[in-house]
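**Q** Structure below; questions to follow.
The numbers here are math on the coordinates, done by the rules we state, and not lab data. Everything quoted here is computed from the prediction, not taken from an experiment. Note: ideal-geometry Cβ built from the backbone for every residue, glycine included; neighbour counts use all protein chains shown.
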Amino acid sequence: MRYQRILLKLSGEALMGDGAYGISPSMIQFVAQEIKTVHQQGVQMGLVIGAGNIFRGVAGAAGGMNRAVADNMGMLATVLNALAMQDGLERAGVPCRVLSAIAMQNVCESYTRAAALEHLEQGRVVIFAAGTGNPYFTTDTGGVLRALEIGADVMMKATRVDGVYDRDPEKDRNAVRFDRLSYTKVLHDQLRVMDAAGISLARDNNLPVLVFNMKKEGNIARAAAGEQVGTLIVA
């Protein structure tokens, strides 16, 4: 395996499967099996999951809600997704812990860097829930932050398409996919990879970001082994 410690960022929408809302048990099972394959190779894995399948803070704010309130609701929604993913992983035989940036001791552990590192060293998958614990930060930025805190070799961002394109490939069949990009080009061309804060944080700390298609079976293992999967964003 090329990468020994990975932070995998999943969108909340990825857990919907073919549904329009909520959590698909079959998709949870699929993702759990994909993670299990990599985990069995000795790779330490952390996960950050969004909440777009339940509630998106930005959308709530656009509808007239106070942004801080809407973001707090979104962070709580990530905990629901994290617990669902934990259940799927444990049913697949993968030891797992959920660490939340918002304290909820009757549901899961509170996040500390020391606890996260200990669980990783003990061979457990760690799911980081509730974003950064602060409004105005996306789960993409939260994913980069957690990747840096645990010393991940790479942040892998799972999407519906097989990398970063110069245009939306779902709308334009002539869109061109990049195999490799610089942080600067992503920011300058405003490519829709993640928010500018997340990319800037990755750039400032030289954290590679790999964008790939999660729905293709075996892609996480291929990426972890160093195969050309998706788009790699580096300095």
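**Q** How many angstrom lie between the C-alpha centres of the stretch 59-92 and the stretch 217-235?
**A** Computed from Cα coordinates, the inter-centre distance equals 27 Å.
**Q** Excluding same-chain residues fewer than 8 positions from K36, which lysines have a Cα within less than 28 Å of its Cα?
**A** Partners found: K9, K157, K215, K216.
**Q** While we're on this one: Using the Cβ atoms and a cut-off under 13 Å, what net charge is assigned to the surroundings of C96, where Lys and Arg are +1 and Asp and Glu are -1? The partial results should precede the final answer.
**A** Working: positive: K36, R91, R97, R124; negative: D87, E90, E109.
Summing Lys/Arg as +1 and Asp/Glu as -1 gives +1.
**Q** Still on this structure: List the aspartates and glutamates whose alpha-carbon lies under 18 Å from that of K171, not counting same-chain residues fewer than 8 positions away?
**A** D162
**Q** Also, quick follow-up: Under 5 Å between amide H atoms, partner at least 5 residues away or on a different chain: which partners does K157 have, H built in plane at 1.01 Å?
**A** Here the answer is K9, L210, V211, F212, since their amide H atoms fall under 5 Å of that of K157.
**Q** If you rank S11, S26, S200, S100 by fewest surrounding Cβ atoms within 10 Å, what's the result?
**A** Fewest-to-most Cβ neighbours within 10 Å comes out as S26, S200, S11, S100.
**Q** What percent does the relative contact order of the stretch 5-234 come to when contacts are Cα pairs within less than 8 Å and at least six residues apart? Kindly include the intermediate steps, with their values, before the conclusion.
**A** Working: 452 pairs, mean separation 48.3, N = 230.
It comes to 21 percent, rounded to a whole number.
**Q** Suppose R0 equals 35 Å; then what is the FRET efficiency for A114 and K185 from their Cβ-Cβ distance, rounded to the nearest 0.05? Can you show the working numbers first?
**A** Numbers: r = 36 Å, r/R0 = 1.04.
Calculated value: 0.45.
**Q** Say R0 is 22 Å: what FRET efficiency, to the nearest 0.05, do D172 and A196 get from their beta-carbon distance? Please list the in-between numbers first.
**A** Numbers: r = 23 Å, r/R0 = 1.06.
Using R0 = 22 Å, I get an efficiency of 0.40.
**Q** Here's a follow-up. As an exercise, identify the chymotrypsin sites (Phe, Trp or Tyr not before Pro) in the stretch 87-138 lying in DSSP coil whose Cβ has no more than 14 other Cβ atoms within 10 Å.
**A** Details: sites: Y111, F128, Y136, F137; in loops: Y111, Y136, F137.
Qualifying residues, ordered by number: Y136.
**Q** Loop by DSSP (not H, G, I, E, B), at most 15 other beta-carbon atoms within 10 Å: where is the longest site-free stretch of the chain for trypsin sites (Lys or Arg not before Pro)? Can you show the working numbers first?
**A** On the way: sites that count: R2, R160, R167, K171, R173, R192, K216.
In the chain, the maximal stretch lacking such sites is 3-159.
**Q** Which ³J(HN,Hα) values in Hz, rounded to whole numbers, follow from the phi angles of the stretch 66-80 under the Karplus curve 6.51 cos²θ - 1.76 cosθ + 1.60, where θ = phi - 60° and Gly and Pro get x?
**A** Residue by residue, the stretch 66-80 yields 4, 4, 5, 5, 4, 5, 4, 5, x, 5, 5, 5, 5, 5, 4 Hz.
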